[in-house]
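Data first, discussion second: the structure below is written as structure tokens.
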Amino acid sequence: MNTPAKLENPGQYDLELLQLVSTRGLVVSLADYMVEFNLYEDIFSPSLMGTIVITDKLNLIEKMPIVGEELLVVKITTPTFPTSIEKTFRVTRISDKHIVQGQNAHFYTLHFVSQELVLDMNAPIYRSFEGNIDDVAVRIFEDYVAMSRTLNEDQKRLVESNEDTPLKILTETKNKVKFVSPGWTAFKCLNWLASKAIPKDGEACNFLFWESNKCFYFASLETIFRDVHREKRFVGTYTFSPNNIRTGPERDTIREMFLTDSVETVQTVDHAKNYTSGYLANRLIELDLVNKKYELVDYDHVYKFYDYHHMSGQTEKEVLPFFALDSMRNAECNI
């Protein structure tokens, strides 16, 4: 009977599969050649991306050859965790290549992205769309964003994980849209839809489209803040502390997973900028050229602040704004 693996250190993982599939169909495991593996996930990016540092003593870069358009099949698990990361990426370039004579080896870095991004770069869309924004987003995703579209039949047989990454709509929209894509890609259309979306439940129009290591998401940030706060689904509290200090006699690996190595404030509040940028107040002029009418809509963020759900909550006891409630502001400063 096999004993289940134990989580010994924060950040520990098992790289169960790391295969490179060349453009000629040659499959090579990179597990023995990998020095460093990095996978990046960004809520403001529609695609995962990453790098692998390779030490190549068999001259794979010439024998395969590695030209920068290979498939990279990855499966990563974490001991005691029920889920895994399984995805096929596309290598886009090679950098930092140099030869170490004493070790008789090539060192280089492979850069990779999600296959959906490569497909998106090569698939401009010339057609019209109409309907609720979340329905249009699903339609565009299903018709134009599919990893399996980028694989030929030979590659599908070689790649073990070739299922399409799904899209999850976390926030329903209440407004409709009708537009013609003038050669935009699917990702640009989805980001444009996110910029126009109005939530069915909520006030903030802060929709984003991004990819996680499990699926793609189309949602407003307010929905995430509200649901996490109401359901108390916090994963953990991050602590700024040295990682070699224990709170008890035994090592708490779960706590160590939420230790922060460094904290940097890139920019603090700039009230002079807020006065003129429209952050505190702004005016929208809506023109109806057909009926020859216009309408002025003034927005006051100070007055509306507690209409929105923030990361800490919504009421005055839960969250405080970064401005005074009597801040000087004029909607005409930003039209």
Candidate aspartates and glutamates for bridging to LYS97, where Cα separation is under 20 Å - those fewer than 8 sequence places away on the same chain excluded: ASP32, GLU36, ASP56, GLU62, GLU69, GLU70
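Ignoring everything except DSSP H segments at least 4 long, calculate the 222 nm mean residue ellipticity for the chain; use -39,500 (n - 2.57) per segment, divide by total residues, nearest 500. Each step should come with its number before you reach the end.
Values: 9 runs with 66 residues, N = 335.
Theoretical 222 nm ellipticity from helices: -5000 deg cm²/dmol.
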Under 17 Å from LYS6, Cα to Cα: aspartates and glutamates that are on another chain or at least 8 residues apart: ASP14, GLU16, GLU250, ASP252, GLU256
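As a test of the definition: which semi-axes, in Å, follow for the range 162-204 when you take the square root of five times each eigenvalue of its alpha carbon gyration tensor? Largest first, please. Kindly include the intermediate steps, with their values, before the conclusion.
Values: eigenvalues 86, 61, 12 Å².
Taking √(5λ) for each eigenvalue gives 21, 17, 8 Å, largest first.
For the chain, give the magnitude of the charge dipole about the Cα centre (Cβ charges: +1 Lys/Arg, -1 Asp/Glu; no others), in debye to the nearest 20.
Values: 36 positive and 48 negative charges, 72 e Å.
Computed charge dipole of the chain: roughly 340 debye.
Considering only DSSP beta bridges where both residues belong to the chain, give the percentage that are antiparallel (nearest 5). Walk me through the numbers before you get to the answer.
Values: 61 of 66 bridges.
Rounded to the nearest five, the antiparallel share is 90 percent.
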Accessible-area value, ILE224, 1.4 Å probe, nucleic acids and ligands omitted, Å²: 50
Accessible surface of ASP96 - all protein chains present, 1.4 Å probe, nearest 10 Å²: 110
Proximal lysines to LYS196, defined as alpha-carbon separation beneath 30 angstrom and excluding residues fewer than eight positions away on the same chain: LYS168, LYS174, LYS176, LYS178, LYS188, LYS214, LYS232, LYS273, LYS292, LYS293, LYS304
For the range 162-301, size of Cβ-based charge dipole, Lys and Arg +1, Asp and Glu -1, in debye: 360
Convex hull per residue volume in Å³, alpha carbons only, for the range 269-335: 101
Tail beyond 24 Å, pair distance distribution of the range 9-104 (Cα, percent): 27
With DNA, RNA and ligands ignored, accessible area of VAL118 (1.4 Å probe; Å², nearest 10): 30
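The values are calculated or read from the model by the stated rules, or taken from the named source; none is laboratory data. The structure displayed is predicted, hence computed values, not measured ones. Here Cβ is always computed from backbone atoms with ideal geometry, including for glycine, and neighbour counts include all displayed protein chains. What goes into the accessible areas is simple: the full protein's heavy atoms, side chains included, and nothing from ligands, DNA or RNA. Shrake-Rupley method; radii C 1.70, N 1.55, O 1.52, S 1.80 Å.
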